[in-house]
Amino acid sequence: MPVISIFFGIVIRMFYREHGVPHFHAEYQGQQATFTFDGEILAGSISSRTALRLIREWSLANRVGLEANWTRAMGGESLERIAPLD
């Protein structure tokens, strides 16, 4: 599962060949959740409100890159890294 970004201890990944709505996976302090490109949780949980806010902020700022990577993933192509939050 390729890592596409890391920031403030949050690891963002995107799987190849997944189905359903476009989404990404985030992990923070051992907790995992799946998010839409709008930063809404689809599954799992991350209890830190700060981490959730940062994930949402990052996803909204990088929606175009997320969509491009989703298209690449569905085509079996290599994913590109997306800039972390500063």
How many residues of segment 10-40 are farther than 27 Å from GLY76 by Cβ and touching a strand residue (DSSP E or B) at 6+ places or on another chain (Cβ under 6 Å)? The answer is 1
In the set ILE6, ILE46, ILE41, the lone residue that is surrounded by 19 or more Cβ atoms within 10 Å (Cβ to Cβ) and either aliphatic (A, V, I, L, M) or over 10 Å from the mean Cα position of the chain (by Cα) (or both) is ILE46
By residue number, the members of segment 11-24 that are over 17 Å from ARG63 (Cβ atoms) and among the β-branched types (Val, Ile, Thr) are VAL11
Counting only residues that are under 11 Å from the mean Cα position of the chain (by Cα) and under 14 Å from PHE7 (Cβ atoms), segment 20-34 contains a total of 3
Restricting segment 9-21 to residues that are modelled with pLDDT of 95 or more and surrounded by fewer than 18 Cβ atoms within 10 Å (Cβ to Cβ), the one farthest from LEU85 (Cα to Cα) turns out to be ARG13
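The values are calculated or read from the model by the stated rules, or taken from the named source; none is laboratory data. These numbers were taken from a predicted model, which means no experiment stands behind them. Because the Cβ atoms are built from the backbone with ideal geometry, glycine has one as well, and the counts that use them run over all protein chains shown.
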